[in-house]
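Asker: Can you read through this structure? Questions will come right after.
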Amino acid sequence: MNTLPPYPQARLLRADAASVVVTWSFMAAAVLLWWISAFMAPALGGAARLALWGMFLAGAVHIVLALLHRCPGCGKHPTIQGFAAPHPASLSQSRTAGWAGVVTSVVRRKRFACIHCGAEYAV
């Protein structure tokens with residue numbers, strides 16, 4: 001069995017990935033509540049706005065956490081992509097590419113490949 005080196009800041013990366021999942025959940029809830037309030041129950045408009053604020057707050061937490069950890073191989077942030085294409089070695093880690101692939105791989109498989117250098121780590 002091929003053992004991967006442990007990611008040195010695994011707790012931060014797991015918290016970062018969790019904040020992204022929470023952001024995605026709030027985004028889905030905001031869209032669903034907005035749709036329901038627009039077409040069925042107008043009283044749920046406040047809940048849609050609350051979910052939207054939760055999405056922005058969780059997104060801000062993600063940005064802060066993403067800036068606190070770096071890949072030991074290249075020194076870049078694994079969940080911040082920028083405009084460069086992801087490293088080819090990282091494209092096979094998940095159906096989603098780029099930083100979203102890192103997040104889903106951390107949450108589902110407890111491992112990831114850096115999108116900048118392709119180095120693989122266990123989380």
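Asker: Report the accessible area of Ile63, computed with a 1.4 Å probe over the heavy atoms of all protein chains in place, in Å² rounded to the nearest 10.
Answerer: For Ile63, the solvent-accessible surface is approximately 100 Å².
Asker: If I build a Gaussian network model for the chain, linking alpha-carbon pairs within less than 10 angstrom, which residue out of Ala29, Ala58, Ala43 has the largest mean-square fluctuation?
Answerer: Judging by the Gaussian network model, the answer is Ala43.
Asker: Between the range 22-64 and the range 78-115, how many Å separate their Cα centres?
Answerer: 26 Å
Asker: Roughly how tilted is helix 45-68, in degrees to the nearest 10 and between 0 and 90, from the longest Cα axis of the chain?
Answerer: Approximately 20 degrees, to the nearest ten.
Asker: Let me spell out the model: positive unit charges on the Cβ of Lys and Arg, negative unit charges on the Cβ of Asp and Glu, origin at the Cα centre of the chain. What dipole size does that give, in debye rounded to 20?
Answerer: Working: 10 positive and 2 negative charges, 46 e Å.
Using only the charged Cβ atoms, the result is roughly 220 debye.
Asker: Same structure again: Of the candidates Pro42, Pro88, Pro78, which one comes out as most mobile in a Gaussian network treatment of the chain with C-alpha springs shorter than 10 Å?
Answerer: Highest fluctuation among the options: Pro42.
Asker: Roughly how much of Ser92 is accessible, in Å² to the nearest 10, using a 1.4 Å probe?
Answerer: 100 Å²
Asker: Turning to a different aspect of this structure: Choose one answer from Gly82, Gly45, Gly101: the residue with the largest mean-square fluctuation in a GNM of the chain with alpha-carbon springs under 10 Å.
Answerer: Judging by the Gaussian network model, the answer is Gly82.
Asker: Scan (1) 22, 20, 14; (2) 20, 18, 12; (3) 33, 14, 12 for the value of semi-axes √(5λ) of the Cα gyration tensor in Å calculated from this model and give just the label.
Answerer: Working out semi-axes √(5λ) of the Cα gyration tensor in Å from the coordinates points to (3).
Asker: Any chance you could give the angle, 0 to 90 degrees and rounded to 10, that helix 99-109 forms with the longest Cα principal axis of the chain?
Answerer: Approximately 80 degrees, to the nearest 10.
The values are calculated or read from the model by the stated rules, or taken from the named source; none is laboratory data. These figures come from a predicted structure and were not determined experimentally. Note: ideal-geometry Cβ built from the backbone for every residue, glycine included; neighbour counts use all protein chains shown. Heads up: the accessible areas ignore ligands, DNA and RNA and are worked out on the full protein's heavy atoms, side chains in. Shrake-Rupley method; radii C 1.70, N 1.55, O 1.52, S 1.80 Å.
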